[in-house]
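Structure provided below as structure tokens; questions to follow.
The values are calculated or read from the model by the stated rules, or taken from the named source; none is laboratory data. All figures in this text were calculated on a predicted structure; none of them were measured in a lab. With ideal geometry, Cβ positions are generated from the backbone for all residues, glycine too; neighbour counts draw on all protein chains shown. Protein only, heavy atoms only, side chains kept; ligands, DNA and RNA dropped before computing areas. Shrake-Rupley method; radii C 1.70, N 1.55, O 1.52, S 1.80 Å.
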Amino acid sequence: MTSILTITLNPTVDLSIETPEVAPERKLRCTRPLTDPGGGGLNVSRAIAALGGNSTAFVALGGTTGDRVMRLLAEAGIAVFPFPAPGETRMSLTATDQSTGAQYRFVMPGPDWGARDVAKALSRIARAAPEGGIVVLSGSQPPGVPEDFPARLATKMARTKARLFLDTSGEALHQLMESEAQPADVLRMDELEAEGLAGRKLPERRDSADFAQDLVRRGLAHAVIVARGADGNVLATKDARWFAVAPKVDVVSKVGAGDSFVGAFTLALSRGKTFREALQQGAAGAAAAVTTPATDLCSAAMVRRLLPHCPVEPV
């Protein structure tokens, strides 16, 4: 099995609570908070662990909250490659209104990074990258980290013998498109991000596949995934395009669905599966995640149950 390194520059301690009703100017009596280590890369590592795999989490940590993240990861059995963050690790809060089921997510910014912190992180990641393994960058960037960080990382990783998977968004995604960085092995984005990058609507699966394949041919990545929400997921390479149907499930919480997709997809590839097989695993992982509450992710049992309901077809 291929080794996996996940990268989280802006981790968090995720607190999840429920209250009978969210309303202003009153005390809201809440349930006891559930606590999980959070941030895109850490969620990918958590999903991989839930599915019976192993990964190492490269994570920037600082202060007492950073120590708490370390303890939570140790309890989850996830190996850690710690990197000193320039300030206190952030916390985030998910509050669920029990009367409506609506979720309110309060996300803090994280500590400010300087140019030296960024340069040091790039060098440490390159040294930590497993030879012949997979490096996954997922999640938001802390303040001060330049928007071209994914592009710079792609160029850095091209000098190693590791494959790079990018799950990025916003201005960082636009910077990647405009840069002359080396192509990532896999680039993932959601439907809204793809439409923003394309500058047009992508109403049909074929539209998403056309756009994804265009990005491959323009040299952004060897494979591009566009997540189309409840419809399913498109994956395109230079010569092939597939669509994995999203199964119909009762949605409890959408938190962590994308990270569960990336975790299941990455684990499948690390076990020697094809892109097509990994796409199916990822679709089942995302669907399994939305059936769980708060910051819980996918489970192996639910992924196995949903896998037959995620057929993959050419598009």
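Report the Cα centroid-to-centroid distance between segment 66-91 and segment 148-221 in angstrom, as an integer.
After rounding, the separation between the Cα centres reads 28 Å.
If you don't mind, there's one more thing I want to ask. What distance in nm separates the simple spin-label points at Arg26 and Asp214, each placed 7 Å from Cα in the Cβ direction?
Simple spin-label model gives 5.1 nm for this pair.
If you take every DSSP beta bridge fully contained in segment 43-151, what fraction is antiparallel? Give it as a percent rounded to 5.
Around 45 percent of the beta bridges assigned by DSSP in segment 43-151 are antiparallel ones.
Starting with the highest mean, order 274-283, 105-114 by the number of other Cβ atoms within 10 Å, averaged over the residues of each peptide.
On the way: 274-283: 22.1, 105-114: 15.7.
Highest mean packing first, the order is 274-283, 105-114.
Kirkwood Rh over alpha-carbon pairs of segment 276-315, then Stokes-Einstein at 20 °C and 1.002 mPa s: what D in µm² s⁻¹, rounded to an integer? Walk me through the numbers before you get to the answer.
Working: Rh = 10.3 Å.
Value of D from the Cα-based Kirkwood radius: 208 µm²/s.
Can you give me the distance in nm between label points at Thr100 and Ala76, each placed 7 Å from the Cα along the Cα-to-Cβ direction?
About 2.9 nm separates the two model spin labels.
Next question. Using Cα-Cα distances under 8 Å and only pairs 6 or more residues apart, what relative contact order does segment 130-226 have, in percent?
27
Over all alpha-carbon pairs of the chain, lay out the pair-distance distribution in 20 Å bins, whole %, shortest bin first.
Going out from 0 Å in 20 Å bins, the chain shows 34, 60, 6 percent.
Let me ask another. Quick one: with all protein chains in place, what share of the accessible area of the chain is carbon or sulfur, to the nearest percent (1.4 Å probe)?
Here it works out to 49 percent.
In whole angstrom, how far apart do the alpha carbon centroids of segment 28-53 and segment 2-23 sit?
6
Could I ask something else about it? What are the extents of the Cα atoms of segment 78-225 along their three principal axes, listed from largest to smallest and rounded to whole Å?
53, 44, 28
Still on this structure, I have one more. For segment 1-107, with every protein chain kept in place, what is the accessible area per residue (1.4 Å probe, Å²)?
Numbers: 5060 Å² over 107 residues.
Counting only protein heavy atoms, the per-residue value for segment 1-107 is 47 Å².
Near Val44, within a Cβ-to-Cβ distance under 10 Å, what is the net charge of the other residues, with Lys and Arg +1 and Asp and Glu -1?
On the way: positive: Arg46; negative: Asp167, Asp259.
The answer is -1.
Can you tell me the relative contact order of the chain? Whole percent, Cα pairs under 8 Å, sequence separation 6 or more. Mind dumping the intermediate values first?
Details: 727 pairs, mean separation 51.5, N = 315.
The normalised contact order for the chain reaches 16 percent.
Hey, another quick one. Divide by every residue of the chain the summed helix terms, -39500 (n - 2.57) for each DSSP H run of at least 4, and state the resulting mean residue ellipticity at 222 nm, rounded to the nearest 500 deg cm²/dmol. Intermediate results must be reported in sequence, preceding the final value.
On the way: 10 runs with 113 residues, N = 315.
Taken over the chain, the calculation gives -11000 deg cm²/dmol.
Along each principal axis of its Cα atoms, how long is segment 256-305 end to end? Whole angstroms, biggest number first, please.
31, 19, 13
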